[in-house]
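These notes are about the structure you will find just below.
The values are calculated or read from the model by the stated rules, or taken from the named source; none is laboratory data. Small disclaimer: the values here were computed from a predicted structure and weren't measured. For neighbour counting, all protein chains shown are included, and Cβ atoms are generated from backbone atoms with ideal geometry for every residue, glycine included.
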Amino acid sequence: MDWSIVQFLLPAIAATLIIAGIHAYLGLHVVERGVIFVDLSLAQIASLGAAIGVWQGFDPSEPAISWMSLAFTLIGALIFAVVKDRDANIPQEAIIGITYAVASAAVILAMSQATGEAEHLRDMLVGNILSVQWPEVWLTAIIYLAIGLFHWVFRARFLAISLDPARVAASGVSVRFWDFLFYASFGLVVTRSVAIAGVLLVFCYLIVPSVGAMLYARTIGARLTVGWAMGLLVSILGMYFSVLFDLPTGATIVCTFGLVLVVMAAVRPLTRRPPPLHA
């Protein structure tokens, strides 16, 4: 391995460790809730806020764009928390899909009216993790640490709602209120991560390590350990391949995630213990 490449990748590796760490945890909740595409939807809603800000004359690099993205993300979190009706026959994933489609169309409309900055905005949404700098890494670490502490304090409540919302609701707890807190904090993470790594890569960080961990672990702690290890190691490998073969970074990491997941699934039957023999 060329260690000069590793030194060049250090800020990106640090960003990867931070992003993979919190997304592996959030991914456990997303998989258990069955809202697999919620991060894509929230990311697209955040993109809509940024697109409208650019349309209204703000420069994509201005802090106002980030605040507008966050405001729209909180609106999306409120929608997902309020419209969730367990007595209705409409799956929440359908609401998430509709929201994603409408937000995507609205982004296209807004960007069509902001042609001068459309390319800059598109680059911001795609992300480029190799270009991340240490100040951005430290700021992201502080934000995610605060969100991580929040989830640690209320971990029992969030986990109970993800695993058995009906039982929690029957105990008199406002599930919608806690759902809003979950989606709001989740949306803040997604908004920040998408700006660094792009939508597709963030989706992989959220879902793939959680699915890979489910193949080999049953407890929450074990799944987190496997998910964190997979997220970090696969990201470093993907970034190394990207630099070594001059490939697009995000797409290379996403494909590496997919390949590693296939290998993990193929190896999984070999790790199962045979059932005990009976006389």
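Tabulated data
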{"item": "Pairs with Cβ under 6 Å, 6+ apart, first in segment 192-208 and part of a loop (DSSP other than H, G, I, E, B), second modelled with pLDDT under 85 and among the aliphatic types (A, V, I, L, M)", "result": "Gly198/Val126"}
{"item": "Considering residues of segment 160-180 that are aliphatic (A, V, I, L, M) and in contact with a helix residue (DSSP H, G or I) (Cβ under 8 Å, 6 or more places away or on another chain) only, the residue farthest from Arg218 (Cα to Cα)", "result": "Val173"}
{"item": "Residue selected from segment 162-192 under the condition at pLDDT 90 or above and of a type in the set (Ser, Thr, Tyr), by the criterion surrounded by the most Cβ atoms within 10 Å (Cβ to Cβ)", "result": "Tyr183"}
{"item": "Selection status of Arg155, basic (Lys, Arg) and over 17 Å from the mean Cα position of the chain (by Cα)", "result": "yes"}
{"item": "Hits in segment 49-71 (condition: within 30 Å of Val175 (Cβ to Cβ) and buried (at least 24 other Cβ atoms within 10 Å of the Cβ))", "result": "Gly49, Ser69"}
{"item": "Segment 247-273, subset under 11 Å from Gly212 (Cα atoms) and surrounded by 15 or more Cβ atoms within 10 Å (Cβ to Cβ), residue nearest to the chain's Cα centre (by Cα)", "result": "Phe257"}
{"item": "Residue tally, condition of a type in the set (Phe, Trp, Tyr), in a helix (DSSP H, G or I) and more than 21 Å from the chain's Cα centre (by Cα), over segment 55-71", "result": "1"}
{"item": "Matching entry among Leu159, Leu149, Leu145 (being out of contact with any Phe, Trp or Tyr (no Cβ under 8 Å at 6 or more places or on another chain), surrounded by 15 or more Cβ atoms within 10 Å (Cβ to Cβ) and not in a loop (DSSP other than H, G, I, E, B))", "result": "Leu159"}
{"item": "Matching residues, segment 178-191, being of a type outside the set (S, T, N, Q) and without any contact (Cβ under 8 Å) to a residue 60 or more places away in the chain", "result": "Trp178, Leu181"}
{"item": "Pairs with Cβ under 8 Å, 6+ apart, first in segment 152-177 and in contact (Cβ under 8 Å) with a residue 60 or more places away in the chain, second part of a helix (DSSP H, G or I) and loosely packed, with under 14 Cβ neighbours inside 10 Å", "result": "Arg176/Val82"}
{"item": "Lone unmet requirement of (1) surrounded by fewer than 23 Cβ atoms within 10 Å (Cβ to Cβ); (2) within 24 Å of Thr225 (Cβ to Cβ); (3) in contact (Cβ under 8 Å) with a residue 24 or more places away in the chain for Ile19", "result": "(1)"}
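So that you can scan it fast, the table gives a plain yes or no per residue for (1) at pLDDT below 80; (2) over 30 Å from Tyr240 (Cα atoms); (3) of a type in the set (Asp, Glu); (4) not in a helix (DSSP H, G or I):
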| site | (1), (2), (3), (4) |
| --- | --- |
| Ala50 | no, yes, no, no |
| Gly53 | no, yes, no, no |
| Thr73 | no, yes, no, no |
| Ile79 | no, yes, no, no |
| Ala88 | yes, yes, no, yes |
| Ile96 | no, yes, no, no |
| Leu109 | no, yes, no, no |
| Thr115 | yes, yes, no, yes |
| Glu119 | yes, no, yes, no |
